[in-house]
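The values are calculated or read from the model by the stated rules, or taken from the named source; none is laboratory data. Since this is a predicted model, take the numbers as computed values, not measurements. Cβ sites come from the backbone with ideal geometry, for glycine too, and all protein chains shown count toward neighbours.
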């Protein structure tokens, strides 16, 4: 399942279907309905044709306005999906929208160990960032309406997108092991070297040259990052279910609508 869910494109990285997983109570998330990816700035003409064929109804772009301005997404001709943009982060965070870029910019995080620690620290806070919370709330509410296929993306499609996808999975009742497995597909999906090179170009433009191993850590994910986010949710709200209800507004009624829209027998 890990290979057949990946849409291998030329210039859009980490593009994959995050449906198909079994959910508590029976059934599984539909395939071909839930997509995630990195930004579409580098999409080729061939990529645009394949994206158009997905017949997307909604796109949730979690990037800041600065990110969207410097790396505007290319869209297929006649693209009719509703594109929903996230809010900008508070001014004090404006230069650190992408967690992996924030970790790269921290002055002491220049080796593999400190870079991993920076990412772990970011994940302890990322699920509570006001702009991301607002975007995920809107995403969950929209998905529950059953409008059709959707896509969620950020810059690299791994950190902010990873939290958003995990929220959908948690709300739908996907098992924690499958949530982590889907998250970790970032490390193997599509042309990994091209994805790392694309991310490295952005990071080095902002921070200067970094060690290759540090860049690879910044462009990868590890289970402990997402587990750290789950632990922070539970610490503040008693459980991930408490986080869903109290922070994201995903109460029992919304979760039931979400399941009706996304789950098949």
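Please go through segment 6-22 and give me each residue that is surrounded by fewer than 18 Cβ atoms within 10 Å (Cβ to Cβ) and over 15 Å from the mean Cα position of the chain (by Cα), ordered by number. Steps first, please.
Let us first name the residues in segment 6-22 that are surrounded by fewer than 18 Cβ atoms within 10 Å (Cβ to Cβ), namely 6, 8, 10, 22.
Across segment 6-22, the qualifying residues are 8, 10, 22.
Which residue, of 236, 255, is in a helix (DSSP H, G or I), under 22 Å from residue 182 (Cβ atoms) and out of contact with any strand residue (DSSP E or B) (no Cβ under 7 Å at 6 or more places or on another chain)? Show your work before the answer.
Numbers: 236 fails: under 22 Å from residue 182 (Cβ atoms).
Only one candidate qualifies: 255.
Only one residue in 181, 194, 201, 229 is at pLDDT 95 or above, assigned to a helix (DSSP H, G or I) and over 16 Å from residue 123 (Cα atoms). Which one?
Working: 194 fails: at pLDDT 95 or above; 201 fails: at pLDDT 95 or above; 229 fails: over 16 Å from residue 123 (Cα atoms).
After ruling out the rest, the residue left standing is 181.
Is one or more of the residues making up segment 97-108 surrounded by fewer than 17 Cβ atoms within 10 Å (Cβ to Cβ), out of contact with any helix residue (DSSP H, G or I) (no Cβ under 8 Å at 6 or more places or on another chain), over 25 Å from residue 194 (Cα atoms) and at pLDDT below 90?
yes
Hey, which of the strands (runs of 3 or more DSSP E) in segment 28-89, taking only ones fully inside, have at least 1 residues that are surrounded by 17 or more Cβ atoms within 10 Å (Cβ to Cβ) and touching a residue at least 12 places away in the same chain (Cβ under 8 Å)? Lay out the reasoning, then the answer.
Numbers: elements: 34-37, 56-61, 82-85.
Of the strands (runs of 3 or more DSSP E) lying wholly inside segment 28-89, those with at least 1 residues that are surrounded by 17 or more Cβ atoms within 10 Å (Cβ to Cβ) and touching a residue at least 12 places away in the same chain (Cβ under 8 Å) span 34-37, 56-61.
Test each condition in (1) without any contact (Cβ under 8 Å) to a residue 12 or more places away in the chain; (2) closer than 19 Å to residue 164 by Cβ for residue 252 and report the one that comes out false.
Only one criterion in (1) without any contact (Cβ under 8 Å) to a residue 12 or more places away in the chain; (2) closer than 19 Å to residue 164 by Cβ is unmet by residue 252, namely (2).
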